[in-house]
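The values are calculated or read from the model by the stated rules, or taken from the named source; none is laboratory data. Just so we're clear, the structure is a prediction, and the values are computed from it rather than from any experiment. All Cβ positions, glycine included, derive from the backbone under ideal geometry; neighbour counts span all protein chains shown. Areas reflect the complete protein model, heavy atoms only, side chains present, ligands, DNA and RNA absent. Shrake-Rupley method; radii C 1.70, N 1.55, O 1.52, S 1.80 Å.
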Amino acid sequence: MAHKSHDHSSSEQVENGSGHGETPSHACHHNHDAAKTPTHPIDENAIYTCPMHPQIEQVGPGNCPICGMALEPKDVHLAESGPNPELIDFTHRFWLGLVLATPLMVLSMGPMVGLPVENWLPPRLSKFVELIMATPVVLWCGWPFFVRGWQSILSRNPNMFTLIAMGTGAAYVYSAMATITPGTFPEAFRTEDGSVAVYFEAAATIIVLVLLGQVLELRARERTGGAIRALLDLAPKMARIVHEDGTEEDVPLSQVHGGDLLRIRPGDKIPVDGEVVEGASQVDESLLTGEPLPAEKKPGDPVTGGTINGTGSFVFRATRVGAKTMLAQIVAMVADAQRSRAPIQKLADAVSGVFVPAVVASAAVAFIIWSVWGPNPPMAYGLIAAVSVLIIGLM
């Protein structure tokens, strides 16, 4: 279907009761900035909604305060106007993270499978190399997770991004301190060469695995969106309008209004719903009825937008345009079904709402216990205990 100007479409949506021009009952009033670079124009005044939590709506792009996912336009025309910028961004981050995390895993876990890593690099130098490779993975590839984790704290909706940000962030900071200033850690945590064990590979690997999951999910949504694009392509972008003086003109579909007379020539797609007033033909309505034989159309018979005219020619009066057409309603229902939540999603939200605070609370309790009753230096033991709880909870 043709794209309409923002002003015209907004007013039409209010008139048609599509909900875009209304104030949502569960609207999100936090207009977060989207952590992505779009590849096509973004309508800052459009209504955006969460693909997993459709009750979340706000004006302009952003992230869902419940699950942290990037919001998408509620208007299916805007949603399908180009490639998913979040998918492109996350794909770039994933491949860079994979390239750096693979040798990082070899350096860290190689000795456990018999690789002579210590012959390649001294242990002290190896940890600095791990720090160099882990830094872009955690701080750049995983940056969207830290943004979403922080937003979840501000909105008081802890989710898995909260735990990912805290776990990987704590592991990276702890490992960086252990690499740069190992002397600040108690003697019991040092190895024979005086170094302290680090968790760079854990932080980097978790970031890459979460990115992989995000990329697979976004690709799946991209494929399911193909059905919507196919439905939108059923309607022509132009319509041939018949003026009162008998002249005819091809105009964009957005300029067609109820009551206009439109001419359909042999082989044309019918642009909107209407009623035949002049001429006769046979129309292929298989997209709606599944009937392989074309239906006879004569004056007084209804026609539906998106169907294909046969060899005859006729003039019909538009009765339903824009979001009121049957094709537009089918597209809207498919889009709503795509955003509907599976029952397991409710369980996942409930578990996440309890699990994440429980892990954070356990880490805080571990820090307090070791700091008060642990051996000297107690604060160091407390920090290590808290980081360990976060990493275990994240895995």
Inset, instruction - Could you grab me the full set of residues in segment 264-317 that are among the acidic types (Asp, Glu), under 42 Å from the mean Cα position of the chain (by Cα) and within 21 Å of GLU249 (Cα to Cα)? - result: ASP268, ASP273, GLU275
Legend entry - Number of positions in segment 227-243 that are open to solvent by 30 Å² or more (accessible area, probe 1.4 Å), in contact with a Leu (Cβ under 9 Å, 6 or more places away or on another chain) and part of a loop (DSSP other than H, G, I, E, B): 3
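Among what's in segment 138-180 and is outside any helix (DSSP H, G or I) and modelled with pLDDT under 85, pick the residue that is surrounded by the fewest Cβ atoms within 10 Å (Cβ to Cβ). Before the answer, list the steps.
First, pick out the residues of segment 138-180 that are outside any helix (DSSP H, G or I): 142, 155-159.
Narrowing the set further to residues that are modelled with pLDDT under 85 leaves 155-159.
On the way: SER155: 17, ARG156: 7, ASN157: 19, PRO158: 22, ASN159: 24.
My answer is ARG156.
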Inset, instruction - Please list, ordered by first then second residue, the pairs with beta carbon atoms under 8 Å, 6 or more apart or interchain, first in segment 123-137 and farther than 13 Å from SER175 by Cα, second surrounded by fewer than 14 Cβ atoms within 10 Å (Cβ to Cβ) and not charged (D, E, K, R). - result: PRO123/THR191
Legend entry - Subset of segment 261-292 (residues that are under 15 Å from LEU327 (Cα atoms) and among the small types (Gly, Ala, Ser)): GLY274, SER286, GLY290
Legend entry - Residue list for segment 345-372, filter: at pLDDT 85 or above and of a type in the set (Phe, Trp, Tyr): PHE367, TRP370
Legend entry - Matching residues, segment 284-333, being among the hydroxyl-bearing types (Ser, Thr, Tyr) and surrounded by fewer than 18 Cβ atoms within 10 Å (Cβ to Cβ): SER286, THR289, THR311, SER313, THR319
Inset, instruction - Only residues in segment 188-207 that are modelled with pLDDT of 90 or more count as the first member; pair them with residues that are open to solvent by 40 Å² or more (accessible area, probe 1.4 Å) and in a loop (DSSP other than H, G, I, E, B), Cβ under 8 angstrom, at least 6 apart or cross-chain, and list the lot. - result: ILE206/MET395
Inset, instruction - Could you list all residues from segment 181-197 that are in a helix (DSSP H, G or I) and open to solvent by 30 Å² or more (accessible area, probe 1.4 Å)? - result: GLY183, THR184, GLU187, ALA188, PHE189
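From the list VAL365, VAL387, exactly one residue is crowded, with 17+ Cβ neighbours inside 10 Å and either farther than 21 Å from GLY68 by Cα or in contact (Cβ under 8 Å) with a residue 60 or more places away in the chain (or both). Which is it? Write out each step before concluding.
On the way: VAL365 fails: crowded, with 17+ Cβ neighbours inside 10 Å.
Result: VAL387 is the single residue among VAL365, VAL387 that is crowded, with 17+ Cβ neighbours inside 10 Å and either farther than 21 Å from GLY68 by Cα or in contact (Cβ under 8 Å) with a residue 60 or more places away in the chain (or both).
So, PHE200, is that one of a type in the set (Phe, Trp, Tyr), touching a helix residue (DSSP H, G or I) at 6+ places or on another chain (Cβ under 6 Å), under 22 Å from ALA350 (Cα atoms) and open to solvent by less than 10 Å² (accessible area, probe 1.4 Å) or not? If you could, list the steps in order and put the result at the bottom.
Working: of a type in the set (Phe, Trp, Tyr): yes; touching a helix residue (DSSP H, G or I) at 6+ places or on another chain (Cβ under 6 Å): yes; under 22 Å from ALA350 (Cα atoms): no; open to solvent by less than 10 Å² (accessible area, probe 1.4 Å): yes.
So PHE200 does not fit the description; no.
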Inset, instruction - Working carefully through the options GLY259, GLY246, find the one that is part of a loop (DSSP other than H, G, I, E, B), in contact (Cβ under 8 Å) with a residue 24 or more places away in the chain and more than 30 Å from LEU139 (Cα to Cα). - result: GLY259
Legend entry - Every residue from segment 112-130 that is surrounded by 14 or more Cβ atoms within 10 Å (Cβ to Cβ) and assigned to a helix (DSSP H, G or I): VAL117, PRO123, SER126, LYS127, VAL129, GLU130
